[in-house]
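Here is the structure we will look at, set down as structure tokens.
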Amino acid sequence: MASGVIVSAGRIRRAPLAGYLDRGTIPGVAAHLASGGIAVLPTDTIYGFHCSASIPEAITRMRDLKGRGAGVGFILLAADTVMADSVVARWPGSSRALLAGIWPAPLTAILPGRRTLDPNLAPRGSVAVRVPANRELRSLIRRLGEPVVSTSVNVSGRSPVTRIADARRLFPGLEAYISRRGRQSGSASTIVDFRFGTPRLVRAGAYPWRSGE
């Protein structure tokens, strides 16, 4: 279902994009993100808020939606490892080769972030990045031409929503609410810190990380 026009109290406003994430909705969602909009999208793990990584106002708005304080970063999703290069300052040791062999996967890597990144994305000089195991989401990111900011759909400290209907109810007024076909995973991504040589598991999640991998 595409976005339409709603007439309310004599005023015209555009209805949010809805439907499944596929070739029919990807162009419209990419355009919304490019213009500073926020979209609820399925990932390879759970539903997430998403916005362009290059629009500070959208990042601030997403932080406000979650009620998240300063100093806690967001995850960046890239279409491939080459795109991840644009946000990673350096790849310690063999981390790039290792991750290139794992991605796309629900594994988020903490790495040194580029100084040009918004402070909301690289607090204390580090960035969290992954190439998601969702083909349609990667296609969307590729069409946008840059990484997207991603975070779970919830108020900080509360459980993430698992149904698109709950996202609409709890967070009305966004530009896009896009569903996934089939059941959405209830597990967040695995997070591994690669900054200091030996990878360190930070959060167990959807990817079965094994120490020494």
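The values are calculated or read from the model by the stated rules, or taken from the named source; none is laboratory data. Since the structure is predicted, the reported quantities are computational estimates derived from the model, not experimental observations. Cβ atoms come from the backbone with ideal geometry, glycine included; neighbour counts cover every protein chain shown.
How do the strands (runs of 3 or more DSSP E) wholly within the stretch 8-81 filter down when requiring 2 or more residues that are within 24 Å of Y207 (Cβ to Cβ): which remain?
Values: elements: 11-14, 17-20, 39-41, 48-52, 75-77.
Filter on the stretch 8-81 gives 39-41, 48-52, 75-77.
Here is a check on your reading of the model: is T81 touching a Gly at 6+ places or on another chain (Cβ under 8 Å), farther than 16 Å from A122 by Cβ and β-branched (V, I, T)?
Values: touching a Gly at 6+ places or on another chain (Cβ under 8 Å): no; farther than 16 Å from A122 by Cβ: yes; β-branched (V, I, T): yes.
When the stated conditions are applied, T81 does not pass them.
Mind listing whichever residues of the stretch 82-98 are assigned to a helix (DSSP H, G or I), in contact (Cβ under 8 Å) with a residue 24 or more places away in the chain and over 18 Å from the mean Cα position of the chain (by Cα)?
Of everything in the stretch 82-98, those that are assigned to a helix (DSSP H, G or I), in contact (Cβ under 8 Å) with a residue 24 or more places away in the chain and over 18 Å from the mean Cα position of the chain (by Cα) turn out to be S95, L98.
Would you please name the residue that is farthest from A30 (Cα to Cα), looking only at residues in the stretch 62-84 that are in contact with a Leu (Cβ under 7 Å, 6 or more places away or on another chain) and at pLDDT below 95?
G73
If we scan the stretch 78-89, do we find a residue that is in contact with a Cys (Cβ under 8 Å, 6 or more places away or on another chain) and buried (at least 21 other Cβ atoms within 10 Å of the Cβ)? If you could, list the steps in order and put the result at the bottom.
Restricting attention to the stretch 78-89, the residues satisfying the condition of being in contact with a Cys (Cβ under 8 Å, 6 or more places away or on another chain) are none.
No, every residue in the stretch 78-89 fails to be in contact with a Cys (Cβ under 8 Å, 6 or more places away or on another chain) and buried (at least 21 other Cβ atoms within 10 Å of the Cβ).
Could you please let me know if A105 is touching a helix residue (DSSP H, G or I) at 6+ places or on another chain (Cβ under 8 Å) and hydrophobic (A, V, I, L, M, F, W, C)?
Working: touching a helix residue (DSSP H, G or I) at 6+ places or on another chain (Cβ under 8 Å): no; hydrophobic (A, V, I, L, M, F, W, C): yes.
Against the criterion (touching a helix residue (DSSP H, G or I) at 6+ places or on another chain (Cβ under 8 Å) and hydrophobic (A, V, I, L, M, F, W, C)), A105 does not qualify.
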